[in-house]
Amino acid sequence: MKILFVITGFDYAGAENQVLMLCRELRARSCEVRLVTMIPPVAHLEELKELGIEVVSLGMKKGVPDPRAIFRLAGLIRRMRPDVVHSHLVHANILARVTRLFVRIPFLICTAHSVNEGGWRRELLYRMTDPLGDLLTQVSQEAVRIYTERKIASPRKLRLMENGIDLSRFAEDPQQRRQLRTELGVELRVEESGESVRAGTAAKGERAVVERAGPPQEPFVWLAAGRFVPEKDYPAMLLAYAEARQRFANSVLWIAGIGPERPQVEQLAAELGLSAYVRFLGIRTDIPALMQAADGFVLSSKWEGLPIVLLEACASRLPIVATAVGGNAEVVLDGVNGYLVPAEEPRALAQAMEQLMALPPEERRAMGQRGWEYAAAHYDNSRVTGKWIELYEQASGRRLPSARMLSKEAHEG
């Protein structure tokens with residue numbers, strides 16, 4: 001079977017992780033797989049090469065429409081003759097549909113990854129191009145409901161296909177946890193006087209802020225991960241953390257990710273007096289290790305699809321505080337494996353963060369364990385990729401062989 005993936009870009013983000021997961025599974029089943037990106041890819045290129053997957057960029061510039069991409073993609077499809085074309089994210093979905101006017105595509109699957117893919121204009125484009133697609137999948141039940149309610153897609157073409165997570169990548173490692181916490185400056189230190197002190201989050205080579213404490217107590221580490229873009233609402237997170245720190249001073253916040261709003265968020269952290277306690281980590285390829293080193297995960301998004309980071313937090317047995325948007329409530333069960341709060345309400349987010357930090361460690365661990373069990377039952381990648389394989393077989397009318405073992409390096413990335 002031949003599968004062609006089309007995606008806007010290829011970065012360290014949730015949609016890309018799902019495509020990579022499917023690439024691994026399809027190559028393990030001896031499929032011919034190619035990946036087309038609209039803008040030049042920047043992530044996972046070594047693993048894709050190891051998997052034997054050709055990656056082609058259409059050479060577009062971000063934010064600049066280029067009709068030539070339609071004909072470039074059509075040419076690639078003519079040469080490959082895929083059984084299924086599978087596009088991801090709104091720009092690639094619209095591009096693939098329009099390209100179908102110029103080249104034969106046996107079966108076209110388009111996957112949306114959020115309840116909000118850019119406002120009413122993009123929703124209108126989805127409606128206008130709906131006849132050109134065979135199937136539109138969404139990653140959460142809430143997104144399917146909204147797309148049906150707004151008539152963004154024909155109900156007979158709309159299907160739920162959840163994101164998946166490789167639980168084996170998130171095994172507990174106490175030694176790694178201690179090492180990373182030490183590297184990032186949150187270890188408990190003891191002065192010559194015998195008094196315990198807590199390090200802040202100063203960058204490497206700088207002196208960390210130190211505060212006296214009572215009895216020795218390990219700092220509570222919050223982790224957030226995601227691009228610095230408006231929908232993630234990091235200002236609300238910082239306002240919430242600033243309030244929560246008034247009761248729980250022995251805490252720090254790590255934020256992993258990049259994006260256009262990072263300078264403004266760093267400036268806000270400084271204005272709130274949080275520079276010594278908020279660590280901006282940039283791009284990280286060791287998210288499983290970061291998850292292991294943290295004590296809680298926080299997400300302040302205004303809207304979402306089904307965030308991979310929440311699944312990763314569950315896989316890492318982290319209790320979660322998140323906003324009740326998109327598919328978040330399908331992963332975070334309020335009071336079971338975390339707490340849900342309304343979006344754009346820093347006070348509510350702060351109260352939930354305080355509530356979680358106030359729990360005894362054993363109760364937080366129990367929360368995290370319940371999250372792991374829920375993710376294992378509903379989002380394990382073997383279950384999710386199995387659903388995709390079944391769909392590809394139905395779409396192409398071909399049966400795929402059983403998966404063969406890939407190299408350890410290819411699985412780990």
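The values are calculated or read from the model by the stated rules, or taken from the named source; none is laboratory data. Given the structure is predicted, the values throughout are model-derived calculations rather than measurements. Here the Cβ positions follow ideal geometry from the backbone for every residue, glycine too, while neighbour counts run over all protein chains shown.
What the table shows:
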{"item": "Positions within segment 96-110 being in contact (Cβ under 8 Å) with a residue 60 or more places away in the chain and crowded, with 23+ Cβ neighbours inside 10 Å, in sequence order", "result": "96, 109"}
{"item": "Checklist (1) surrounded by 19 or more Cβ atoms within 10 Å (Cβ to Cβ); (2) part of a loop (DSSP other than H, G, I, E, B) applied to residue 42, failing item", "result": "(1)"}
{"item": "Where a residue in segment 246-263 is within 18 Å of residue 349 (Cβ to Cβ) and its partner, wherever it lies, is in a strand (DSSP E or B) and not small (Gly, Ala, Ser), with Cβ under 6 Å and at least six apart", "result": "251/220; 252/221; 253/222; 253/278; 254/223; 254/279; 254/281; 255/280"}
{"item": "Among residues of segment 330-347, those that are small (Gly, Ala, Ser), in contact (Cβ under 8 Å) with a residue 12 or more places away in the chain and surrounded by fewer than 20 Cβ atoms within 10 Å (Cβ to Cβ), counted", "result": "0"}
{"item": "Qualifying residues in segment 159-168 (those that are more than 15 Å from the chain's Cα centre (by Cα) and within 17 Å of residue 308 (Cα to Cα)) - the one surrounded by the fewest Cβ atoms within 10 Å (Cβ to Cβ)", "result": "168"}
{"item": "The lone exception for residue 268 - which of (1) in contact with a helix residue (DSSP H, G or I) (Cβ under 7 Å, 6 or more places away or on another chain); (2) under 21 Å from residue 325 (Cβ atoms) it fails", "result": "(2)"}
{"item": "Filter result (outside any loop (DSSP other than H, G, I, E, B), under 28 Å from residue 259 (Cα atoms) and in contact (Cβ under 8 Å) with a residue 12 or more places away in the chain) within segment 46-69", "result": "47, 48, 54, 55, 56, 57, 61, 69"}
{"item": "Residue within segment 303-324 that is touching a residue at least 40 places away in the same chain (Cβ under 8 Å), within 17 Å of residue 233 (Cα to Cα) and surrounded by fewer than 24 Cβ atoms within 10 Å (Cβ to Cβ) present", "result": "yes"}
{"item": "Options 74, 92; residue that is assigned to a helix (DSSP H, G or I), under 19 Å from the mean Cα position of the chain (by Cα) and among the hydrophobic types (A, V, I, L, M, F, W, C)", "result": "92"}
{"item": "Segment 233-276, residues that are within 18 Å of residue 220 (Cα to Cα) and touching a Lys or Arg at 6+ places or on another chain (Cβ under 8 Å)", "result": "240, 243, 250, 251, 252, 253, 254, 255, 256, 274"}
{"item": "Qualifying positions in segment 352-377 - out of contact with any helix residue (DSSP H, G or I) (no Cβ under 8 Å at 6 or more places or on another chain) and within 20 Å of residue 301 (Cα to Cα)", "result": "352, 355"}
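This table checks each residue for (1) assigned to a loop (DSSP other than H, G, I, E, B); (2) of a type in the set (Asp, Glu); (3) surrounded by fewer than 21 Cβ atoms within 10 Å (Cβ to Cβ); (4) assigned by TED's automatic domain parsing to the domain that holds residue 372.
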| position | (1), (2), (3), (4) |
| --- | --- |
| 122 | no, no, yes, no |
| 125 | no, no, yes, no |
| 128 | no, no, yes, no |
| 131 | no, no, yes, no |
| 136 | no, no, no, no |
| 146 | no, no, yes, no |
| 151 | yes, no, yes, no |
| 156 | no, no, yes, no |
| 172 | yes, yes, yes, yes |
